[in-house]
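Participant: Sharing a structure with you now.
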Amino acid sequence: MSKLFTTKLFLTMAMAVAPTIVSAQVDPDLPVTATASCFSVCIQTQNVKGVSGNISITNLGAGSATMSATVKVQCSNVDVLGATQTIGGLVAGNTTGTFPYSIAFTPVAGCAYTIVTTATSSTLSRSSILTTSFAADCIDQPCGITGCTLTQGFWKNHAQVWAVTSLKLGTVTYTQAQLLDILNQPVKGNGLVSLAHQLIAAKLNGANGATCATVAKLISDADKIIGGLVVPPVGSGSLSTSSVGTLVTGLDNFNEGLLANCPGHCAE
């Protein structure tokens, strides 16, 4: 059960019970699949709703290619104004790249909602277009003054609800774009990256009103050990995993809502 704390912001998330998955290959040389689920979050006294999921694009070629996808929301085959996001990245040959998206918009009654994904490859002159339906039926979340925590995975995929657009890790300040790059950076045995993942989430939870004395000490200690090191891929800093293990575990427990005498995890 989540503990109740007085805060300035409350954020919680509700996902559709069964996301719709539609798989199609408009172009056999550019296979694409998509998932789509509604979400509802509460920021201060206002609910923000939208759709999120993953787009997977397969590179059938032998060499690497840049895969891109433009995802737009439609209401009964009509584009929803401003509800568009472009995602993508480099995908090795004969592998599938999966890219998360999250689009905020205000659902209205009477709409048959879909996302339309247009996928392209740097090695092909053609595109694949995939339509995926979803139910925009996530209920409003109760907006109040109770703090709760969310994990790095949530913050990575919902940048549009961040309460801040920059954070300091150690003594270095990072933009939101750089922080998202860090959250998407594989750990690969680098303790600095694993610590940064949990520290970013903890600081975003704090900016959203969820904090406690125990995590404040963990955050302070994490900033001290990071110091002036610049976290990959922004920089090339490194720490051993053994030197940060206790801090990573403590911050992870806080973000999961498991730290004693601290806010619990947001209901999902």
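Participant: Modelled with pLDDT of 95 or more, more than 16 Å from the chain's Cα centre (by Cα) and over 12 Å from Val231 (Cα atoms): which single residue out of Gly209, Gly189, Gly170 fits that description? Talk me through it step by step, then tell me what you get.
Facilitator: Numbers: Gly209 fails: modelled with pLDDT of 95 or more; Gly170 fails: over 12 Å from Val231 (Cα atoms).
On inspection, the qualifying residue turns out to be Gly189.
Participant: Checking Val73 against (1) closer than 24 Å to Phe39 by Cβ; (2) aliphatic (A, V, I, L, M); (3) surrounded by fewer than 17 Cβ atoms within 10 Å (Cβ to Cβ); (4) at pLDDT 95 or above, which single condition isn't satisfied?
Facilitator: (3)
Participant: Another question, if that's okay. So, in the range 53-85, exactly how many residues are touching a Phe, Trp or Tyr at 6+ places or on another chain (Cβ under 6 Å) and not hydrophobic (A, V, I, L, M, F, W, C)?
Facilitator: 1
Participant: Take Ala92 and tell me if it is modelled with pLDDT of 95 or more, small (Gly, Ala, Ser) and buried (at least 19 other Cβ atoms within 10 Å of the Cβ).
Facilitator: Taking the combined requirement at face value, the residue does not satisfy it.
Participant: Any residue in the range 134-155 that is free of Cβ contacts under 8 Å to residues at least 60 places away in the same chain and under 27 Å from Gly257 (Cβ atoms)? Write out each step before concluding.
Facilitator: Going residue by residue through the range 134-155, those that are free of Cβ contacts under 8 Å to residues at least 60 places away in the same chain are 153, 155.
Then drop every residue that is not under 27 Å from Gly257 (Cβ atoms), which leaves 153, 155.
Yes, there is a match, as at least one residue in the range 134-155 is free of Cβ contacts under 8 Å to residues at least 60 places away in the same chain and under 27 Å from Gly257 (Cβ atoms).
Participant: Return a yes/no flag: does the range 196-208 have any residue that is surrounded by fewer than 19 Cβ atoms within 10 Å (Cβ to Cβ), under 20 Å from Ala159 (Cα atoms) and touching a residue at least 24 places away in the same chain (Cβ under 8 Å).
Facilitator: Within the range 196-208, the first condition is being surrounded by fewer than 19 Cβ atoms within 10 Å (Cβ to Cβ), and the residues that meet it are 207.
Applying the additional criterion that residues be under 20 Å from Ala159 (Cα atoms) yields 207.
Subsequent filtering for residues that are touching a residue at least 24 places away in the same chain (Cβ under 8 Å) retains 207.
Yes, the range 196-208 contains at least one residue that is surrounded by fewer than 19 Cβ atoms within 10 Å (Cβ to Cβ), under 20 Å from Ala159 (Cα atoms) and touching a residue at least 24 places away in the same chain (Cβ under 8 Å).
Participant: If we only count helices (runs of 4 or more DSSP H) wholly inside the range 143-212, which ones have 1 or more residues that are within 17 Å of Asn253 (Cβ to Cβ) and among the hydrophobic types (A, V, I, L, M, F, W, C)? Talk me through it step by step, then tell me what you get.
Facilitator: Values: elements: 152-157, 176-183, 191-207.
Answer list for the range 143-212: 152-157, 191-207.
Participant: Give the range 231-268 a look and list any residue that's touching a residue at least 40 places away in the same chain (Cβ under 8 Å), among the small types (Gly, Ala, Ser), under 21 Å from Thr149 (Cα atoms) and touching a helix residue (DSSP H, G or I) at 6+ places or on another chain (Cβ under 8 Å), or say none.
Facilitator: Gly245, Ala260
Participant: Just checking, how many residues over the range 63-77 are among the hydrophobic types (A, V, I, L, M, F, W, C) and closer than 16 Å to Gly50 by Cα? Steps first, please.
Facilitator: Within the range 63-77, the subset among the hydrophobic types (A, V, I, L, M, F, W, C) is 65, 67, 69, 71, 73, 75.
Checking the rest, the ones that are also closer than 16 Å to Gly50 by Cα come to 71, 73, 75.
Count: 3.
Participant: Further question on the same structure: With respect to Thr114, determine if the residue is among the β-branched types (Val, Ile, Thr) and at pLDDT 95 or above. Quick ask: steps written out before the conclusion?
Facilitator: Values: among the β-branched types (Val, Ile, Thr): yes; at pLDDT 95 or above: yes.
Spelling it out, Thr114 is indeed among the β-branched types (Val, Ile, Thr) and at pLDDT 95 or above.
The values are calculated or read from the model by the stated rules, or taken from the named source; none is laboratory data. Everything numeric in this text was worked out from a predicted model, so none of it was measured. Every residue, glycine among them, receives a Cβ derived from its backbone with ideal geometry; neighbour counts consider all protein chains shown.
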